[in-house]
Amino acid sequence: MTDRWLYPWALGSVAFGGASLLVPLYIVQLGASPVQLGLLASTAAIVGAPGSILFGRLADRVDNRRPLVGLTLAIVAISLVAIPFSSDITTIIVANAALWLVVASVAPVVTMIVVDATPESVWTERIGRLNAFQGYGWAGGLVLGTVWPIVTGQFLSTGTALRALFWLFSVTAAVSAAGTLRTLPTPDRHVTRRPQIRRIARIATASRRGIRGATTAFSPNRLYWSTRTFRLDRLRGSVDPALVMYLVATALFLTGSAAFWAPLPLLLSESAFGSAEIFALYLVASLGSAVLYEPAGRLASRYDIRRLQAGALTARAVFLPAIVLATGIGSFLFGIGLVGIGMAVIGGTWGFMAVLGATIVTRLAPPQIRGEILGIHAALGAVAGSIGGLLGGWIATFGYLAAFTVAGGLVLAGAVLVLSLRSLSHDTAK
């Protein structure tokens, strides 16, 4: 199968990455409260779960998946055109949820497309290539958001430039839709047989997240594939107490992480950072995680995975509230430098959390129910993202330091639970 379609698809990922931060910044400009920002993040996190499952199963039953991809990109383009025409925050929250519903829903569809009519021996490579195109497209959206205010600042007001950026991302989504529909091949067959589905599920759920993972706790693609063969009855009496403890720890540190990201755009805006600086800070966090995925994997094979994961979580727990303090220290340039360092560290810790988390779950889960356990692990991300977004937004009404301290406390509680799992060290010693 030709890979020409991945280039226009990556252009669509530029729109996804830009919109992920542009919509929160827009409602901040409209006067959104921390609670509304939390609601924006919460709805975006939770809608992806049912959407990816329903869309993925639909993709299994249709003869041509091309319209599903085109429809997704068209809805994204229309949403990004429409949002800046509204000044009602509730309407924008609903529109944003619809946008992320279709983005999440199409994730398993493109995974199916990329392995259609290809030998199983190349599936891992092709899924990795897809993730790379999507990840760097996402980062490209953050780069574009960084340079746009600088380029347009001479002749557009801040508000007008922000609205124009919506329309620019809409154009990239529309061009992506046209290009992807034109270049997507029609496969000779679909990969739908159960043994093949299980193999795709193992690859997709074990694959490392792209650059997006630094700011997003939940991957609908992982959720769909890990629940593709889910059978609840197989879990009864088969789950190790250490695995249950790790899943509880996961719920804690993902909730804490989501509680941090939800009100962060408002804190940065109130700290006199412009949209260019905020986009740049998110890009630093994203790249911080991306560059550490590979080192994290190498270190996991050489050192105590329990201590590595607990160490990464502890570092994140410390740096979450430190971001609030950094915004108020010294001059603007000194402050943004400190925040940038903090964001790089927070992004870097996610590189370890994502890779080591998948490794730990795989190690603790019995082989016969590993798919079901991976499904639960992925679903926790959706639930934690929703709860954490609401929690962070609500506590931020009492102060950002309070919100980020609670966020750090939840992550630290997760670190303590991970550190208590001594059986992980025993497994490493073997």
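Here, each number is a calculation from the coordinates, and none is a lab measurement. This structure is a prediction, so every number in the text was calculated from the model and none was measured. Cβ sites come from the backbone with ideal geometry, for glycine too, and all protein chains shown count toward neighbours.
In sequence order, the stretch 175-181 has phi-based couplings of 5, 4, 4, 5, x, 5, 4 Hz under the Karplus curve 6.51 cos²θ - 1.76 cosθ + 1.60, θ = phi - 60°, and Gly or Pro positions carry x.
Sorting ARG363, ARG302 from the fewest to the most surrounding beta carbons within 10 angstrom yields ARG302, ARG363. Taking 7 Å steps out from each Cα toward its Cβ at THR158 and MET245 produces label points 4.9 nm apart.
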